[in-house]
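Peer 1: Pasting a structure below so you can have a look.
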Amino acid sequence: MRTKKTCIHSANIILPEKIIRGYILIDGNRISEVEESGLARVYAHPDVRMIDAEGCYVMPGLIDMHCDAIEKEMQPRPNTMFPINMAFYELEKKLVVSGITTMYHSLCLSDEWGVRDKDMVLGIISSINRLKKTRTMLNHKIHIRYELTFLEGISILESMIREKNIDFISFMDHTPGQGQFRDAETLKSFTMQMYGREEKEVEASLDKTIEYQTMINWSRLVGLAKLARTKGIRLASHDDDTKEKIEMLLACEGVVSEFPINLDTALYARSKGVQVCVGAPNIIRGKSHSNNMRAIDAITSHAADIVCSDYLPSAMLPAIFHLTGKGVKLTESVKMATLNPAMALGIEQEVGTVEVGKYADLIIVELYQDYPIVRQTLVGGTTVYQSNFQVFNSERVENIC
């Protein structure tokens, strides 16, 4: 059977260094042509499915290297759990509406509670790896966030690396008094609210964390990080607040510093060739929810080059366009959520740009009153989401009500 081709035409195509008006031809699941011209060559193909992108941008699908939305989908409230199958399929719909075509689900390997309980996390990873091989709307990857003070977890991490059932690793340390939670009371309050636990139980857990921090086996971690690299699994560090932590990341051959706490650390990371990832919610809100570094300060200081959704997938695309109002070129802001994370993760040969030979993971975006709305999402050339709604005027809305 002959593979049907698809042509997205009359489009403002966002390339890495410029925006052109032209068309994209998709043959099977990959891009076969990107042309800044008319449609004469395309119309020569009788089996081409035409998609009119007049007035819209066409850009690569977003690559989200860090998002814990699957946790929120499974456990929207403390002590309230929903099945992983439901969470997986319902989250998929939200992701493609937000323009995300590759998602690195961030799951915590720790000794906490609920969706961050060790056994629960292992079950979620197994389920995602199973479900993504059957019916999926987008590309699913596993980002394991290893809590360094979870000492027994290091053997589990080693097994994950050797079996290659994860795709990305980050080392994190939530010991109170440093990193994201310099204030121990803030961490205690956050943990109690998130997991619905009693104060004494949380205090005992934090005390154990402080004790175990002195017992971290760094030589073994460096060895595991290097083993991961040989299997194509990249490493990041999380909530860095000192130059020493960046040096440790480099010793582990790590490539990304996620959410550095202050601008000095972010600048130091970039000076050492480490890519820096900031959160889209921080960009939109103009501040960190933990009162740490403002993402926009890092971006305008050339100390950040990757944007992830962190905990809110719907913030990612608006953050990209929000940056254009802060003096960032649209081509550059788009790269922060497409090409740059692809390069950090080692998948840039397949996705991340609108380029001949790459998978046709694309989104068609309309700007309505300067706000980006995804009109169509394609993954591997297949339309997985499409919306043709028209904005009702106020009279029509009143009549409906």
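The values are calculated or read from the model by the stated rules, or taken from the named source; none is laboratory data. Values in this document were obtained by computation on a predicted structure and should not be read as measured data. Don't worry about glycine lacking a Cβ; one is built from the backbone with ideal geometry, like all the others, and counts go over all protein chains shown.
Peer 1: If a residue counts only when it is closer than 18 Å to Arg234 by Cα, outside the structural domain of Arg21 (by TED's automatic domain parsing) and within 14 Å of the chain's Cα centre (by Cα), which strands (runs of 3 or more DSSP E) contained entirely in region 50-169 have at least 1 such residues?
Peer 2: Numbers: elements: 57-60, 62-67, 100-109, 139-147.
By residue number, 62-67, 100-109, 139-147.
Peer 1: I need a count of the residues in region 151-160 that are buried (at least 20 other Cβ atoms within 10 Å of the Cβ) and touching a residue at least 60 places away in the same chain (Cβ under 8 Å).
Peer 2: We begin by selecting, within region 151-160, every residue buried (at least 20 other Cβ atoms within 10 Å of the Cβ); these are 153, 157, 160.
Then drop every residue that is not touching a residue at least 60 places away in the same chain (Cβ under 8 Å), which leaves 157.
Of the residues in that region, 1 qualify.
Peer 1: While we're looking at this one, here's another question. On the given criteria, is Leu227 more than 25 Å from Met336 (Cβ to Cβ) and assigned to a helix (DSSP H, G or I)? Full working, then the answer.
Peer 2: Values: more than 25 Å from Met336 (Cβ to Cβ): yes; assigned to a helix (DSSP H, G or I): yes.
Taking the combined requirement at face value, the residue satisfies it.
Peer 1: Out of (1) free of Cβ contacts under 8 Å to residues at least 40 places away in the same chain; (2) surrounded by fewer than 21 Cβ atoms within 10 Å (Cβ to Cβ), the odd one out for Asp305 is which?
Peer 2: Condition not satisfied by Asp305: (2).
Peer 1: I've got another one for you. Looking at region 262-274 only, could you name the residues that are within 17 Å of Cys308 (Cβ to Cβ) and buried (at least 21 other Cβ atoms within 10 Å of the Cβ)?
Peer 2: Hits for region 262-274 are Ala266, Ala269, Val274.
Peer 1: Answer yes if at least one residue in region 262-281 is touching a residue at least 40 places away in the same chain (Cβ under 8 Å), more than 24 Å from His105 (Cβ to Cβ), in a helix (DSSP H, G or I) and of a type in the set (A, V, I, L, M), and no otherwise.
Peer 2: Yes, the conditions are met somewhere in region 262-281.
Peer 1: A follow-up question, please. Being under 27 Å from Leu362 (Cβ atoms) and in contact with a Phe, Trp or Tyr (Cβ under 6 Å, 6 or more places away or on another chain) is the requirement here; does Tyr104 meet it?
Peer 2: On the way: under 27 Å from Leu362 (Cβ atoms): yes; in contact with a Phe, Trp or Tyr (Cβ under 6 Å, 6 or more places away or on another chain): yes.
Here the answer is yes, as Tyr104 does meet what is asked.
Peer 1: Could you grab me the full set of residues in region 309-337 that are more than 18 Å from the chain's Cα centre (by Cα) and not β-branched (Val, Ile, Thr)? Explain how you work it out, then say what you get.
Peer 2: To start, the set of residues in region 309-337 that are more than 18 Å from the chain's Cα centre (by Cα) comprises 324-331.
Within region 309-337, Gly325, Lys326, Gly327, Lys329, Leu330 meet the criteria.
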